[in-house]
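Asker: For reference, the structure I am asking about is given below.
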Amino acid sequence: MSSDARDPNAPKKPLTALDFYAQAARRKEDAAKDVTADDTQTQASSELYELEFNNLSDAEKATWYKLARRDKIRYKKEMATYEPPVDSSSGCRLLLMGRFFPFDSEGIPFADTTLTIKETQNSCHIGEDGGTGLNVWDGAQLLLRYIEKVPNIVKNKRVIELGSGCGIVGVAAAICGCKEVIMTDLAYALPLMRENVDINRVAWKDTDVVVSCKECDWFQPPPVDELLGHYDSKADVLLVADCVWLSSLIAPLLRTLKLYTTESTDVFITYQQRGKEAHDLFMEGIHNLFDVVDVDTLKEADLAKPDVFHLLHCKRKVS
Ligand SMILES: C[S@@+](CC[C@H](N)C(=O)[O-])C[C@H]1O[C@@H](n2cnc3c(N)ncnc32)[C@H](O)[C@@H]1O
């Protein structure tokens, strides 16, 4: 099955107020057509429904917004227990459920510049994870936008990123003036990540920002001094985007988080809740090790996101 095939049993995306309005209007039209049996009548276009909807009074719209709110809750509940199926040919979980954040590889507006981030076909045959680092995930786009809104989380900081994939988050940290960013992933992901760093390097070329891409497998993470290349150093910030989905990767990921953090490290983790088992395992593990705040991005950074996306700010518990 192709990597962006949708699971037919996946929870249906929530409908908007306009969707509900258009659905009802279509049903009404169909019923009228049945009565008149006039085949020459065609259905109104989506644009027309949108126009009609926009012209409704607030009181009239309220019915449709109520339905949309209910559907959002339905979706959230279904997603909390949903386990993506395993692809029988490769044994890996099918993950790509479509993007929430629009993505245009060649023109991603960020701060006062435009990023180009290349992707390649997700092969679904690279190790247990399926080579997911060859695409940009929603979690990375959420972290990218958070960094854009709150650049101080990385400014002048030494940053390690885990599971960087195509490298969009690390590139954002560099543009926002971090001291150093070490982007990491499995070996297969490094060539594309490096290419993306090179494409965007012009955006920080006149600064002292140091950017590197290194191998770090959560099952055998290199010691922090080896990763950073200095003995006296530690990371100020750890970034992790969309790396919580396979239950088998949760324990090694948590061990790596522990290895690379001290009580002063700020850890920012974004992820999309995809399955109950991995979510519960991760939540238990992360709460054992860290004090965790599920950031209200709308309130704190004027950044809207669906409820199934989380942005966690974590600090190691004081022992
Ligand atoms: C869903 S992708 C997210 C990529 C990127 N952060 C983003 O959001 O676009 C998960 C990432 O975890 C990496 N990964 C999977 N297993 C890993 C492991 N054992 N050690 C290190 N990274 C791993 C993948 O290579 C991939 O880049």
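The values are calculated or read from the model by the stated rules, or taken from the named source; none is laboratory data. Note that the coordinates shown come from a computational prediction; the quantities given were computed from them, not determined experimentally. Every residue, glycine as well, gets a Cβ built from its backbone with ideal geometry; the counts of neighbours run over all protein chains shown.
Asker: Give the residues of the range 295-313 that are loosely packed, with under 11 Cβ neighbours inside 10 Å and not in a helix (DSSP H, G or I), sorted by residue number.
Answerer: 302, 304
Asker: Right, here's the next one. What are the residue pairs meeting all of these: first residue in the range 48-77, first residue closer than 9 Å to residue 17 by Cβ, second residue basic (Lys, Arg), Cβ atoms under 8 Å, and 6 or more apart or on different chains?
Answerer: Every condition considered, the pairs that remain are 53/61.
Let's see how each residue does on (1) modelled with pLDDT under 90; (2) away from the ligand (no atom under 12 Å from the Cβ):
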| site | (1), (2) |
| --- | --- |
| 127 | yes, no |
| 132 | yes, no |
| 138 | no, no |
| 147 | no, yes |
| 162 | no, no |
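Asker: While we're looking at this one, here's another question. Looking at the range 276-286, can you tell me whether even one residue there is within 16 Å of the ligand (Cβ to nearest atom) and either in contact (Cβ under 8 Å) with a residue 60 or more places away in the chain or at positive phi (or both)?
Answerer: Yes, the range 276-286 has at least one match.
Conditions (1) at pLDDT 95 or above; (2) closer than 20 Å to residue 132 by Cα; (3) among the basic types (Lys, Arg), marked per residue:
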| position | (1), (2), (3) |
| --- | --- |
| 229 | no, no, no |
| 234 | no, no, yes |
| 240 | yes, yes, no |
| 245 | no, yes, no |
| 252 | yes, yes, no |
| 258 | yes, no, yes |
| 266 | yes, no, no |
| 272 | no, yes, no |
| 275 | no, yes, no |
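Asker: Within the range 4-45, count every residue that is in a helix (DSSP H, G or I), modelled with pLDDT of 80 or more and hydroxyl-bearing (Ser, Thr, Tyr).
Answerer: 1
Asker: Show the residue pairs that are 6+ apart or on different chains and have beta-carbon atoms under 6 Å apart, the first residue being within the range 216-228 and in contact (Cβ under 8 Å) with a residue 24 or more places away in the chain, the second being within 8 Å of the ligand (Cβ to nearest atom) and in a helix (DSSP H, G or I).
Answerer: Filtered contacts from the range 216-228: 218/252; 218/253; 218/256; 219/252; 221/256.
Asker: Additional query: Which ones in the range 180-232 are in contact with a helix residue (DSSP H, G or I) (Cβ under 7 Å, 6 or more places away or on another chain), within 24 Å of residue 156 (Cβ to Cβ) and not in a strand (DSSP E or B)?
Answerer: Those that are in contact with a helix residue (DSSP H, G or I) (Cβ under 7 Å, 6 or more places away or on another chain), within 24 Å of residue 156 (Cβ to Cβ) and not in a strand (DSSP E or B): 196, 197, 200, 203, 204, 209, 216, 224, 231.
Asker: Scan the range 135-179 for residues that are in a loop (DSSP other than H, G, I, E, B), among the aliphatic types (A, V, I, L, M) and surrounded by 24 or more Cβ atoms within 10 Å (Cβ to Cβ) and jot them down.
Answerer: Of everything in the range 135-179, those that are in a loop (DSSP other than H, G, I, E, B), among the aliphatic types (A, V, I, L, M) and surrounded by 24 or more Cβ atoms within 10 Å (Cβ to Cβ) turn out to be 136, 154.
Asker: Condition test on residue 209, is it under 24 Å from residue 150 (Cβ atoms), assigned by TED's automatic domain parsing to the domain that holds residue 135, more than 15 Å from the ligand (Cβ to nearest atom) and β-branched (Val, Ile, Thr)?
Answerer: yes
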